Amino acid sequence: MALLLQLVDRVVSSKLELDIDILTVGRNQDNDLVIDDIAVSGLHAQFEREEDPYYEGHYRYYLHDLGSTNGSFVNGSRVVARKELTNNDMVKIGWNEFKFIGDDYDKHEATAHILNNS
């Protein structure tokens, strides 16, 4: 299962399993992940999980900025609409940093390595 690790000074302060199809993020209390930060919009972004059409039983994950004032960032680049996440991507929402850990990332990386060597 994919994880979202919240980092404070590069140390994991909390972790969240991405086990639902849509996880909303924002300052409002009705979000799945509430971030009490003035730089975060009321409904800022959402993490989306979709079944991988090429790899049965596995998922692809996306960050979708919902028109937030200050934006959402993946690896330092602003997400314009929706961005697919890969293992070890760094996500920034407001002043908050997260590290995305993909499900079964070891298996994907091993497969990619084998395919590159053939």
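The values are calculated or read from the model by the stated rules, or taken from the named source; none is laboratory data. Please read these numbers as outputs of a predicted model, since none were measured by experiment. Glycine gets a Cβ as well: all are built from the backbone with ideal geometry, and neighbour counts include every protein chain shown. For the accessible areas, the whole protein counts, side chains as well, though only heavy atoms, and no ligand, DNA or RNA atoms are used. Shrake-Rupley method; radii C 1.70, N 1.55, O 1.52, S 1.80 Å.
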Filtered residue count, region 13-35, keeping only those that are surrounded by 12 or more Cβ atoms within 10 Å (Cβ to Cβ), farther than 17 Å from residue 48 by Cα and not charged (D, E, K, R): 2
Region 68-77 - residue that is over 14 Å from residue 4 (Cβ atoms) and in contact (Cβ under 8 Å) with a residue 24 or more places away in the chain and, of those, surrounded by the most Cβ atoms within 10 Å (Cβ to Cβ): 68
Those residues that are open to solvent by less than 80 Å² (accessible area, probe 1.4 Å), of a type outside the set (Gly, Ala, Ser) and farther than 15 Å from residue 93 by Cα, I need them from region 1-11; list them, please. 3
Given the criterion open to solvent by 50 Å² or more (accessible area, probe 1.4 Å) and modelled with pLDDT of 95 or more, identify the matching residue among 60, 49. 60
Give region 3-18 a look and list any residue that's outside any strand (DSSP E or B) and modelled with pLDDT under 95, or say none. 9, 10
Could you give me the residue pairs with C-beta distances under 7 Å whose first residue belongs to region 7-19 and is at negative phi and in contact (Cβ under 8 Å) with a residue 40 or more places away in the chain, whose second residue is acidic (Asp, Glu) and surrounded by 12 or more Cβ atoms within 10 Å (Cβ to Cβ) wherever it lies, and which are 6+ apart or on separate chains? 7/97
Yes/no for residue 80 being at pLDDT below 95 and either part of a strand (DSSP E or B) or open to solvent by 60 Å² or more (accessible area, probe 1.4 Å) (or both): yes
Selection count where residues are within 14 Å of residue 2 (Cα to Cα) and either open to solvent by 70 Å² or more (accessible area, probe 1.4 Å) or modelled with pLDDT under 95 (or both), scope region 85-118: 9
